[in-house]
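Have a look at the structure below before the remarks.
Every number here is computed from the coordinates shown, using simple stated rules; none is lab data. Keep in mind the model is a prediction, meaning the values are calculated, not measured. Cβ placement follows ideal geometry from the backbone for every residue including glycine, while neighbour counts extend to all protein chains displayed.
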Amino acid sequence: MLWLVPALLAYAILQPLVRYFQMQSLLLPMLITSCIVFCVHILLCWALVFKTKLKNVGGALSFSISVWLNVIILGLYMDTLQHVPKHALHSLWTYSKEFVSSFDLQSLLQ
């Protein structure tokens with residue numbers, strides 16, 4: 001469970017990015033980045049699970065790395081666009097704050 005925390009934080013950043021790209025009808029960049037990340041994930045998961053003998057931990061680490069890679073690629077693509085409004089970045093911060101507070105509550109309940 002602990003090894004999936006970085007993936008949850010990356011997912012909190014990825015969701016507003018995906019929503020932004022969907023609202024702007026920029027589906028091709030999401031498709032390309034998803035295919036790239038999928039191919040990297042297969043190789044990374046195979047290496048971490050079988051070659052390093054990490055088993056479940058290797059699977060969790062490869063998932064976390066894959067989600068972060070998707071965030072980085074989409075973030076860099078979004079950064080190259082000239083027409084990114086400031087409220088899009090503000091909604092990312094709001095969503096991240098809500099995610100962290102709900103994650104803190106979840107960890108307190110366990």
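Odds and ends about this structure:
- In percent, rounded to a whole number, the relative contact order of the stretch 28-78 is 43, using alpha-carbon pairs under 8 Å and six or more apart.
- Calculated from backbone phi, Karplus (6.51, -1.76, 1.60) coupling profile of the stretch 10-15 in Hz, x at Gly/Pro: 5, 5, 5, 8, 5, 4
- The loop-placed trypsin sites (Lys or Arg not before Pro) in the stretch 20-67, going by DSSP, that have at most 10 neighbouring Cβ atoms within 10 Å of their Cβ come out as LYS53.
- Where labels lie 7 Å past Cα in the beta-carbon direction, separation of ASP79 and CYS39 in nm: 2.3
- Inter-label distance for LEU27 and ALA47, nm, one decimal - labels placed 7 Å from Cα along Cα-to-Cβ: 3.3
- Summed residue charge, Cβ within 14 Å of ALA47's Cβ, Lys/Arg positive, Asp/Glu negative: +3
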